[in-house]
Each structure stands twice: as structure tokens, then as C-alpha cells.
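The values are calculated or read from the model by the stated rules, or taken from the named source; none is laboratory data. None of these values were measured; they are calculated from a predicted model. All Cβ positions, glycine included, derive from the backbone under ideal geometry; neighbour counts span all protein chains shown.
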Amino acid sequence: MSRPAAIVFDQASIAYGRVPALEQVHGTVRRGEIVALVGPNGAGKSTLIKALLGLVPVASGSITVLGQAPAQARRLVAYVPQADTLDPDFPISVAQVVLMGRYRRIGWLRPPGRADRDAAAEALAAVGLAHRAADRFGTLSGGQRQRVLLARAIAAQPEALLLDEPFNGVDAVSQEALLDTIKTLAAGGAAVVVSTHDLGLAQLTCDGICLLNRHQFGFGPPADVLTPDLLRAAYGGAALELGDRGLIVARS
Amino acid sequence: MIDILVTPFDRPYMTRALVEALLLGALCGAVGVYVLLRRLAFLTDAVTHTVFPGVVVGFLVSGRSGIVPGALVCAVAAAALFTAIAATRRVNEDATLAVLLTAFFAVGVILISRQHSYTADLTAFLFGHVLTIDTTDIVVTAAVTVLAGLVLLGLGKELLLRAFDPEWARATGYRITALDLVSNMLIALVVVASVQAVGTVLVIAMLVVPAAAARLLSERLGVIVAVAVLVGMVGAWLGLATSYEASVGHDLRLAAGATIVLVLVAFYALVTLGQATRRLVRR
């Protein structure tokens, strides 16, 4: 018996004004599944994540998140942005960043309570950074900052997790920690969508792949989607042919 | 030495000036930290200039008692306008603010230049006159200080999140524009409260300098707020005392508001110098 659907794309197209950004995305992410968004730079991976958060509107078709429109499901969804978009000089501690994951639950005008601090501490321990709680966020390495942002998302106890290029420029230790945590969360029943450049990583760790470049080239199990024909079609000039030995996909 | 810091304030007008300056030091210190975190110094500057014609019109309509209401109307309108400009994200925010602030400022100057006492009035509105503060001014400042305290305590975590990671705040369902409206209104109210004592030009220093100095001294937000409040208050006290001692004791006339600002800047310079020296010694 298959697990219940968490995110459903039904011929969804997304446009910025009149300029189409991404067309005809169609597929399902089930609870407990990890699905990778794969494609060259500018393919629309970040746009699709923004649409899942209800930050950009769906122009035609539909996207359903946990049975609701994306903007209505925000409380059940946690987002992990790229760590390098944040100001490293900001005077904020690691513990304060993780605690932000609890803010929606705490609500307006109330200070965080004991239960919130415990949940934040637990989330930070899950990514292996409990010992850095008191340090300023900006003093951590890029990979560690990415783990802190994952901890912030976990502290919200989400039913769906969206990650934007979490493995970019991340060291091996942090990548391992990120993967372990994401797998644990999926095993607990959360649906995970992660955009990545790393095809090898996507193939090894994900249950499904959504191959994009302006429109969808494939959505399904890695074995069905990561084929030379589909990759060649999606990556175009960025795909390097190795004669009959196969195909290499360059990063950009 | 202690005499210089205490004796001047025996006189009632100096006592009122001290109370007002201490309130403003605390208020600007605390709100200034948020201005610093959000990098809103330029927006604050725009608010101060936009308030100027309101001050002038208020004064022309009903004299001294019209200044605060006039400033309030302009400040609230400016805060709402600037929030709306930021929310559209289509226009170049910097350029728009620059155009608005100079336009409003010019309107203020033209209005006041039609008065006989042009120079004296202009100076008072731009640089304040803390020595003629009355009880009403103190009540206004105290009310804004209490309100700012409530806002910073009540919405502190949301404002922090908005300053640190606005994209994530939006993704979690917060209305950034609503939060920005609150903080812009707060900044506008601080400017209004400061108009009488330090004027529309010097208030920017009261907001930015203590917070910037505090940021140099600590990495912890709680400590930064506490230090900024303390620096703002001590700077206000020392500035007033210095200006009085120089004017009365040594016949060297120093404008009170400007002296407060210079004391704050001197403190900032000392901290910067101290840190540079420490870095050199460590090498």
C-alpha cells in the first residue's frame, strides 16, 4: 500500500508576470519520501520551491500541499534557505536562530517558553551542533550554518520540508549530518523536497527525482528519470558526451 | 568634577532638560539598535527631513504648541509612504527616498524663509533647543518611550526574525509589510519626540551612534540593547553638563543638542580606537 500524498503537482505552471518560469510540472511527493529537484542553473528549481511556499502564484494547473493551497499550508511546512544569503555579521546566537523555528507556534506577543527552548535544543542536537548553541551564527562555517538552518526548520516540527540547494559549498562532515537528519525526518513521515546540483547524491539518497529545465523532463524513481536521454534533453549544451561510455553533466 | 555633573541641574530649566535628554537617550538607544540591524539609517534620515515641513506648518499655525502635532502628521504619513514604497519593490528605494526627503525639506525651508525670524527659527527646528523644554514635551517623550518599550518587548521576536531573515519570515507566513509599518511608525514617533530637544537633523546621531558603539562592544543582542541605552543616557547627561559648564563657567557658548551628539561621537571614536589598538597588540 502506498503512503498518502503530501504534495501534488497537477500540470502546474508558474510565471513571473507574463514571463513563464516553469511549465507543466506534474507528479506526487508522498509522506516519508525524499524528492530531488534537479536541473541546470536557471531551470526553475528555486521558483518551484517558492511556489510550494505560496510566495509565487501558480499561473495554471495547481499545486496542493498537505491538502491545501500552498499559502494556507505554511504552518505545516518548513523551509531551509541557502545559508550564504544571510548576513554573517548579524549579532544573533545559534540558539536564537534555531528558536525562530518555534515562533509561529509561540504566537504574537508571547516570549518563548521552556518547551520551545527544549525543542530548539533538541533540533540543534539532531544536526550535531549542540556545543555551538551560544556562539554567534556568523562565526560558524558555511556547512555548519546550513545545519543550523535545518535545525530551525526541524524545531517547527513540520510535515513537509523544503530545502534550497542545501549541499552547495558544504564540507563532507556537514553533508553527512544534513543527509542523516533529512532521512530521519522522512522516516518520521515528513515529505521532503530538496533542490540540488548533485546528481550522484540525488540518485543515491532520494526516492524520486523531478528533472527540470523551464519545464518538466521527468518525475519518478531515479532509475527512470536519470537516464542519458532525459538528461541530454534537460541539460542540452551542459551535457558532455563521452562517446559510447556515457554522459557527464556539467554543473552549469 | 562631580560638581560639574550635578550642580547645573539644580536650576528647574536644566532639570527639565536633563529629564528630557535622559529619556531620549534611552529611547533612541533602544530603537537605534533596530535601525542598525535593519540598516535603516538612511530611511530614518528621510523621515527626519520629511518631518521638517510638518514642524514648520505646525509652528506657523499655532506657535510652539503646534510643532509636535505638525511633526506627528508628517511623520506618520512619511512612515506609511516609505513602507508602501518598500513593499512595491518595483521602484529604486534609495533614489525615491532621496527625492522625497529633499523635496519635503525644501518645502519646509521655503515655508520658514517667509518668516521674519527666519534664521533663528530654522536653527531651532533643525538643531532643537533642549533648554526651553516644557513639561508637555517631557510627557510626549515619556509616552513615546513607554510605547517603544511595549512594541520592542511585545514584537521583539518577530522584528528580530524580519531583520535577520525576511525571506524565511515571509515563507513562514509573516506579513513583512505589516511588521515594517510598525517599525517605521516607531522610528517616526522617535523623530517626533526628539524634534523639540535635539531637532530633526541631530536625532539621527542619537539613534545611530549609541547602537553602533554598542555593536562594537558586544555580539549579544541583549547586551547591545542594554549598552546602547546606557551610552545614550550617559552621553545625554555628559553633553548637557559639558555645554552648561562651557557656556556658564568659561563663556564658551556650546549648543546643548550638538554637544550631546559630539559626546556620543567621541565615545564611538574612543571605542573604535580602543578596538583597533587591541587588534594591533594581539598581532
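Taking the conditions exactly as written (more than 14 Å from every other protein chain (Cβ to nearest Cβ), at pLDDT 95 or above and surrounded by 18 or more Cβ atoms within 10 Å (Cβ to Cβ)), does B:Leu186 satisfy them or not?
yes
Select from region B:1-45 the residues that are within 15 Å of the chain's Cα centre (by Cα) and hydroxyl-bearing (Ser, Thr, Tyr) and list them in ascending order.
Our first condition is that a residue be within 15 Å of the chain's Cα centre (by Cα); within region B:1-45, this holds for B:20-36, B:39-45.
Matches in region B:1-45: B:Tyr34, B:Thr44.
Could you say whether any residue in region B:208-223 is more than 14 Å from chain A (Cβ to nearest Cβ), assigned to a helix (DSSP H, G or I) and surrounded by fewer than 20 Cβ atoms within 10 Å (Cβ to Cβ)?
Looking for residues that are more than 14 Å from chain A (Cβ to nearest Cβ), assigned to a helix (DSSP H, G or I) and surrounded by fewer than 20 Cβ atoms within 10 Å (Cβ to Cβ), one finds none in region B:208-223, hence no.
Would you confirm, using the coordinates I've provided, whether B:Val146 is under 22 Å from the mean Cα position of the chain (by Cα), of a type outside the set (Lys, Arg) and away from chain A (no Cβ under 14 Å)?
Here the answer is yes, as B:Val146 does meet what is asked.
If the Cβ limit is 8 Å and pairs must be 6+ apart or interchain, which residue in region B:130-158 that is of a type in the set (S, T, N, Q) pairs with which residue that is exposed (fewer than 15 other Cβ atoms within 10 Å of the Cβ)?
B:Thr132/B:Tyr13; B:Thr136/B:Ser65
Tell me which helices (runs of 4 or more DSSP H) are completely within region B:1-112 and hold 1 or more residues being touching a Pro at 6+ places or on another chain (Cβ under 8 Å), or say none if there are none.
B:12-37, B:41-62, B:67-88
Of all residues in region A:142-163 being among the charged types (D, E, K, R) and surrounded by 22 or more Cβ atoms within 10 Å (Cβ to Cβ), which is farthest from A:Asp118 (Cα to Cα)?
A:Arg145
For region B:159-183, give me each residue that is at the interface with another protein chain (Cβ under 10 Å from one of its Cβ atoms), of a type in the set (A, V, I, L, M) and either free of Cβ contacts under 8 Å to residues at least 60 places away in the same chain or more than 20 Å from A:Asp87 (Cβ to Cβ) (or both).
B:Leu161, B:Ala169, B:Ala171
Considering only residues that are among the aromatic types (Phe, Trp, Tyr) and modelled with pLDDT under 95, look in region B:1-59 and name the one that is nearest to B:Met233 (Cα to Cα).
B:Phe9
Among the numbered criteria (1) more than 9 Å from chain B (Cβ to nearest Cβ); (2) buried (at least 16 other Cβ atoms within 10 Å of the Cβ); (3) touching a residue at least 40 places away in the same chain (Cβ under 8 Å), which single criterion is violated by A:Leu99?
Tallying (1) more than 9 Å from chain B (Cβ to nearest Cβ); (2) buried (at least 16 other Cβ atoms within 10 Å of the Cβ); (3) touching a residue at least 40 places away in the same chain (Cβ under 8 Å), A:Leu99 fails exactly one: (1).
Looking only at region B:229-283, count how many residues are within 25 Å of B:Leu217 (Cα to Cα) and not in a helix (DSSP H, G or I).
Qualifying residue count, region B:229-283: 1.
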